[in-house]
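Novice: Can you keep this structure in mind? I'll have questions shortly.
The values are calculated or read from the model by the stated rules, or taken from the named source; none is laboratory data. All figures in this text were calculated on a predicted structure; none of them were measured in a lab. Counting neighbours? That spans all protein chains shown, and the Cβs are built from the backbone with ideal geometry, glycine included.
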Amino acid sequence: MKRFAILNGPNLNRLGRREPHIYGTATLKDLEKLVRAEAKRLNVAVTFFQSNHEGALIDKIHALADAGIAGFIVNFGAYSHTSIALHDALKSVSPVPAIEVHISDIKRREKFRQTSMTATACIGMISGQGFPGYVRALQQLAAKN
């Protein structure tokens with residue numbers, strides 16, 4: 001069974017409480033439940049990891065790639081806009097594919113959020129579709145592998 005990893009970055013543990021007018025009222029656990037249901041339908045396995053620490057995300061990317069993960073769905077939160085290190089971590093595990101997801105539409109947010117440093121290390125980006133964007137990313141990765 002193919003395994004995919006969903007990595008969430010800083011402040012995504014605050015979903016449901018953090019700026020509900022932007023991110024909604026559903027929690028990270030609600031997101032995991034939604035993605036697990038789709039993974040079951042697709043007959044793939046998923047693992048979840050969230051950290052507010054850049055280095056922990058980098059270490060997890062390396063460890064999962066070394067363990068044979070088939071692909072990544074990443075939402076690095078604010079690190080998407082600033083982290084060359086996370087970009088390089090994804091590049092370092094190529095050819096393992098990654099799709100970047102953003103719950104909100106980054107092109108309609110503040111200027112500093114409109115560019116992603118990490119997206120160029122990914123095969124695609126889904127932005128502004130809320131939680132269903134993660135499901136779409138999983139479907140794309142499952143179809144690719």
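Novice: Filter region 1-23 down to the residues that are within 20 Å of Ser127 (Cα to Cα) and over 17 Å from the mean Cα position of the chain (by Cα) and list them by number.
Specialist: Within region 1-23, the subset within 20 Å of Ser127 (Cα to Cα) is 4-16, 18-23.
Hits for region 1-23 are Gly16, Arg18, Glu19, Pro20, His21, Ile22.
Novice: Also, I was wondering about something else. Residues in region 61-85 that are part of a loop (DSSP other than H, G, I, E, B) and of a type outside the set (Ser, Thr, Tyr): how many?
Specialist: 5
Novice: Can you tell me which residue among Ala98, Ala119 is out of contact with any Cys (no Cβ under 6 Å at 6 or more places or on another chain) and either small (Gly, Ala, Ser) or more than 15 Å from Asn11 (Cβ to Cβ) (or both)?
Specialist: After applying the criteria, what remains is Ala119.
Novice: Mind listing just one residue for me: the one in region 61-92 that is farther than 15 Å from Thr120 by Cβ and among the β-branched types (Val, Ile, Thr) and, of those, surrounded by the fewest Cβ atoms within 10 Å (Cβ to Cβ)?
Specialist: To start, the set of residues in region 61-92 that are farther than 15 Å from Thr120 by Cβ comprises 61-71, 73, 75, 77-78.
Among the residues that remain, those that are also among the β-branched types (Val, Ile, Thr) are: 61, 69, 73.
Numbers: Ile61: 24, Ile69: 19, Ile73: 27.
Result: Ile69.
Novice: Same structure, new question: Among the residues of region 30-50, is there at least one that is more than 20 Å from Ala142 (Cβ to Cβ) and either in contact with a Pro (Cβ under 7 Å, 6 or more places away or on another chain) or surrounded by 19 or more Cβ atoms within 10 Å (Cβ to Cβ) (or both)?
Specialist: The first filter runs over region 30-50 and keeps only residues more than 20 Å from Ala142 (Cβ to Cβ), leaving 30, 50.
Now drop any that are not either in contact with a Pro (Cβ under 7 Å, 6 or more places away or on another chain) or surrounded by 19 or more Cβ atoms within 10 Å (Cβ to Cβ) (or both), which leaves 50.
Yes; the residues of region 30-50 include at least one that is more than 20 Å from Ala142 (Cβ to Cβ) and either in contact with a Pro (Cβ under 7 Å, 6 or more places away or on another chain) or surrounded by 19 or more Cβ atoms within 10 Å (Cβ to Cβ) (or both).
Novice: Further question on the same structure: Is it the case, given these coordinates, that Gly128 is within 19 Å of Ile22 (Cα to Cα) and either charged (D, E, K, R) or more than 11 Å from the chain's Cα centre (by Cα) (or both)? Don't jump to the end; show me each part of the working.
Specialist: Working: within 19 Å of Ile22 (Cα to Cα): yes; either charged (D, E, K, R) or more than 11 Å from the chain's Cα centre (by Cα) (or both): yes.
So Gly128 passes the test.
Novice: What number of residues in region 86-128 are modelled with pLDDT under 95 and assigned to a loop (DSSP other than H, G, I, E, B)?
Specialist: Residues flagged as modelled with pLDDT under 95 and assigned to a loop (DSSP other than H, G, I, E, B) within region 86-128 amount to 11.
Novice: Would you call Thr25 among the β-branched types (Val, Ile, Thr), touching a Gly at 6+ places or on another chain (Cβ under 7 Å) and surrounded by fewer than 16 Cβ atoms within 10 Å (Cβ to Cβ)?
Specialist: yes
Novice: Right, something else. Within region 15-60, how many residues turn out to be modelled with pLDDT of 95 or more and not in a loop (DSSP other than H, G, I, E, B)?
Specialist: Number of matching residues: 28.
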